[in-house]
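Read the structure below first, then the notes.
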Amino acid sequence: MLLALLAAGCSSPRRGYLEFACEPIAPERVSELAGRYPQGLVVGVDANSEAEATLAAARRAGARLHVYLEGPGGPTGESWAPDELERIQAAARAQGIDTARSDWMAEWEQRGWKSHTLEQLERYRSLGFESAEIDNLYRNPQSLLDFYREYAGWWRQGLVPRAMLKNVSPEEMRSLSAAIGSGEIPRAMFADFAIFESSAGDPSEPAHLAAELGIKTLISQDTYDYRASGAFP
């Protein structure tokens, strides 16, 4: 009952629709969806894509904005994409990490990715983005619960967008639900939609727990063509 009341109190009364893809969404598609969801359309873009035309169409339509960030980065399937590894190395160097060292990745995972990602989150928040996905959080040394405890501090200061949950395991979702139910982590910090990749296992339990919080889980079917769309409360 408590979770249901929290969900009712914190989720948006507007019916929303997320349209997200790592490849830029056609401006015509943005315009089409904006006609159907004049107040609730959320357009999502990959921070590393050439999405200027998509964002221009979204802003013209008054759509809400969502961004995908790589976080610590990681393999897609069984191997790193060369361009992603290059971006991670460049980001690590910007955080003062010597990528010529054989153990540079350990320092990146321990501290560098988080500083880099916080800078990105602050920038996108200043640009009017409402929510953000941080991918590859399984490579963060912290537990997911501890990370979102830290994120809550940033969010309470108004530094970052709302966080979008992705591929959360049943155990992690139970921990998050308890922390939200107790008020330790604010429900309003999380987007009203989550994404679960079909390759990540069975979404049934985490999707059910998320729904109790007013979060709709959308399924992404292909990790090599990462995208998700659908309505949410």
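Derivation of every value follows stated rules applied to the coordinates shown; laboratory data play no part. Predicted model only: the values in this text are computed from it and were never measured. All Cβ positions, glycine included, derive from the backbone under ideal geometry; neighbour counts span all protein chains shown.
Structural remarks
- Ratio Rg/Rh, restricted to the stretch 32-79 and using Cα atoms, in which Rh is the Kirkwood radius: 1.12
- Distance between the pseudo-spin-label points of residue 143 and residue 169 (7 Å out from Cα toward the beta carbon): 1.1 nm.
- The simple spin-label model puts a point 7 Å past each Cα toward its Cβ; for residue 78 and residue 52 those points are separated by 4.0 nm.
- Fraction of antiparallel bridges per DSSP, the stretch 46-198 only, in percent to nearest 5: 10 percent
- Taken over the chain, the convex hull of the Cα atoms encloses 120 Å³ per residue.
- Considering every alpha-carbon pair of the stretch 98-233, the percent of pairs per 5 Å bin, from zero through the bin containing the longest distance, is 2, 10, 18, 21, 20, 17, 8, 3, 1, 0.
- Measuring between their Cα centroids, the stretch 143-211 and the stretch 25-77 lie 21 Å from each other.
- With the simple model of a label 7 Å out from the Cα in the direction of the Cβ, residue 99 to residue 39 spans 4.6 nm.
- Cα-based values for the stretch 159-233, radius of gyration first and Dmax second, are 12.2, 38 Å.
- The calculated 222 nm mean residue ellipticity attributable to helices in the chain amounts to -12000 deg cm²/dmol, summing -39500 (n - 2.57) over DSSP H runs of n ≥ 4 and dividing by all residues.
- Charging the Cβ of each Asp and Glu at -1 and of each Lys and Arg at +1, and nothing else, the dipole of the chain about its Cα centre rounds to 1060 debye.
- At R0 = 35 Å, FRET efficiency that the Cβ-Cβ distance of residue 208 and residue 29 yields, to 0.05: 0.70
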